1. Residue 420: which lysines have alpha carbons under 18 Å from its alpha carbon, excluding same-chain residues fewer than 8 sequence positions away?
2. How many nm separate the modelled label positions at residue 119 and residue 449, each set 7 Å beyond the Cα in the direction of the Cβ?
3. Taking a ≥ b ≥ c as the square roots of the Cα gyration tensor eigenvalues, with a/c under 1.5 meaning rounded and otherwise prolate when a/b beats b/c, else oblate, which class fits the stretch 182-264?
4. Which of rounded, prolate or oblate describes the stretch 432-576 when judged by the alpha-carbon gyration tensor and an a/c cut-off of 1.5?
5. For a quick check: sort 314, 341 by the number of other beta carbons within 10 angstrom, fewest at the front.
6. Among 405, 364, 482, whose Cα sits farthest toward the positive end of the charge dipole of the chain (+1 at Cβ of Lys/Arg, -1 at Cβ of Asp/Glu, about the Cα centre)?
7. Residue 62 to residue 92: FRET efficiency via 1/(1 + (r/R0)^6), r the Cβ-Cβ distance, R0 22 Å, to the nearest 0.05?
8. Ranked highest first by the average count of other Cβ atoms within 10 Å around their residues, in what order do 39-52, 369-382, 10-23 fall?
Amino acid sequence: MAVANKQTEHRYKGIPASQGIAIGKAVVLRTEAFVFSAEHIEPERIPEEIARFQEALKTGAAELQQIIDIAEKEASHVAPILETYLLILTDETVSDSIRRRIQQRFYSAENAVMQEFDAQKQFFTLAKDPVLRERAVELDHVKDRLLNGLRNHSVSHSIAENAILIAPSITPTDLMMYNQEGTLGFVTEVGGIASHVSILSRSLSIPAVIGVRDIAHLILSDDMLIIDGNAGLIICNPKPETLAKYQKRKKEEEENIRKLGKLATAKSETHDGHTIHLLANIDSLEDVDAAQVAGAGGIGLIRSEYLIIKRQHFPSEEEQLEWYNEIAERMYPHQVTIRAFDVGSDKYAEGLPHEDNPALGVRGIRFLLHRKDIFKMQIKAVLRASKHRNVRLMLPMVSSIDELLEAKEFIEKCKTSLRKADIHFDERMPIGMMIETPATALMANDFAAIVDFFSIGTNDLTQYTLAADRTNEYVADIFDPFHPAVLRLMKMTIDAAIARNIPVGICGEMAGHSAATELLIGLGVNELSVTPPLLLELKKRIRKTDYGKSQTIASLALCANSGSDVRKVISKEKRK
C-alpha cells in the first residue's frame, strides 16, 4: 500500500473494534523499539540497576492506580480490565525474577525486563487460540510501561485532543488517558477484537479500527481521516462528496442515539428483574449496524440463504467466511447465530427438484444432507468464523433424531479436516436447532439432550401444526400463532430446554408481536429475536412486563380452546 497523499482519497480496511464514525485530523505515533543488548553491566552497578527497576515499578504502579481511580468514577465496569495490568506489573514472582537477572546475569534493568517478559509471553505467542495470543500483547504493554519508566519516557496524551490517533498499538491505560483528552477515535496496526483495548473502546464508545497493517507508516499527521468503526474502514483525505456523505451519516447516527435516549443501553429485563436476552434477526451488514445502534444483545438469526439469493449462486467457503467474519467481528463480544442454509425450491431452485409442495419437500436440513458438498463449505466457513468464540450454528427444519445425528457427525468430520489443516476454530462452538415442526416439539426432551440451544420458528411451527400455508390468503384466518395447539407445543419445547438447562428463544414473527410479549415471557422463553426496527419497542414492553403476571397469562392461555380465547385472556389480564 502506498503512503496517502493529500490530493488522493485512499481507503484501508481493518477489523471493526468499536462502532461509530469519527472525522478529524490524524495524529501518528510511531513507537521506539527497545533493542536487547548482550552487553553486561559491571558488578558495582547492580545496586543502582535494581534501584532503577524498583523506582520504575513504583512509578508505574502509581500511574496505573491513578488511571484505575479515574475509571472507577467514569466507567466502573472497565476498571477490572485495567486492574489486570496492575496485577501483572506488581506480580512478585516476575519482579523477583527480574532482580535475579540483574544480580546473577549482570543485565541492565532494561535488558532484565525485556528478557523476563519475553520469556513469560512465549507460551501465549505460540498458542493457536487467538484469545490466548492476545494475552501476549498485554504482557508487552506492561513491559513497555516499565521500559518507558526506566528511560523517563512519557506520552503527552493531549497531542490527540480532537484528533484521530494512529499507532502500532495502544494500551488500555493510554486509551483511558486519550479519552480524557477528547480523542475522537483510533486506528492500530495490531490487536484483536477480544483484546482489552477493543473491549475498552466499545465501553467508552470510541470509534476504533484495529489490525491495519503498516497504517502508522501509510498515514501522515494532519491527514484528514474518516473512521467507520461499523465497517472497519479508514478513509484518508476523502473526496468532498465522501466527506459530505459521512458527515451526514455521523449526524444521523448521533440523532438516532439522541432519540433513543437511555433505552438502547438499558437492561432488557422485566419490571421485576427477570432477564430476557434481546437479539436481532438480520439479512445484511446494514442490519448489523441498525442492531448495534438499537442495543441488541447479539444476533439471534442470520438468514444465511440470503447470501445465495443475493449472489444467485451458492457462495464458496471463502465468500461465506468473509461475510460471517465481518458480522462476528462487528458484534463481538455478543453472540452471533448463523442458521445453515434454509433453502427449498420455493426460495432457490438451483440443484433442487421441482416440487408441487416445497414446504413439505426437500428443504432445510434435508437439502443440506442431500448436498453435502454445499453443507461442507458452509460448516467450514462457520467454524473458521467461530475463532473468537461468539459464533453458534443453528440447523433448520430438523424433523428427526437421525437427521440431527447425521448432521452432527458431518460437522465433526469438518472439524477434523480443519484440524489437519492447522486452522483454528472454536472446538466448543454451540450447535442448536430450529423447532419448526410438531415432530420436534413432541420429542423436544430427546433433542434437548443432543443440542446446545433451541430456537422456535413460530411461523413454520404454526403452519405445520394447523396445516395452513402461511402465504395462502384463503386460509389466513386459520393460520394463527396464538392457537392453543401451537402454544402447547411451544411450552413442551420450552420446558424441555429448561430441564436440560439450554437456552430457548423465539425468532419467528411472534417474537415481535405486540400482544405476545407477556405471553412468551410467561411461557418461559429466555431469548427473543426480532428485526432491528422492532428492538426498542420490544425492549420497552419487556421492561413494563411483570414476570409473575406473565406466568399467570401463560397458564390461562394454555387452557384456552381457541386463538380468540387466548387473545381475550391476554387482554383481560393486562387490564387488571
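No value in this document is a laboratory result; all are computed from the given coordinates. Note that the coordinates shown come from a computational prediction; the quantities given were computed from them, not determined experimentally. Ideal geometry is used to build each Cβ from the backbone, glycine not excepted, and the neighbour counts take in all protein chains shown.
1. The qualifying lysines are 128, 376, 380, 387.
2. Each label point lies 7 Å from its Cα, and together they span 5.3 nm.
3. Oblate.
4. Taking the square roots of the gyration eigenvalues as a ≥ b ≥ c, the stretch 432-576 is rounded.
5. If I rank by nearby Cβ atoms, fewest first, I get 314, 341.
6. Positive-most Cα among the choices belongs to 482.
7. The computed FRET efficiency comes out at 0.80.
8. Packing proxy ranking, top to bottom: 10-23, 369-382, 39-52.
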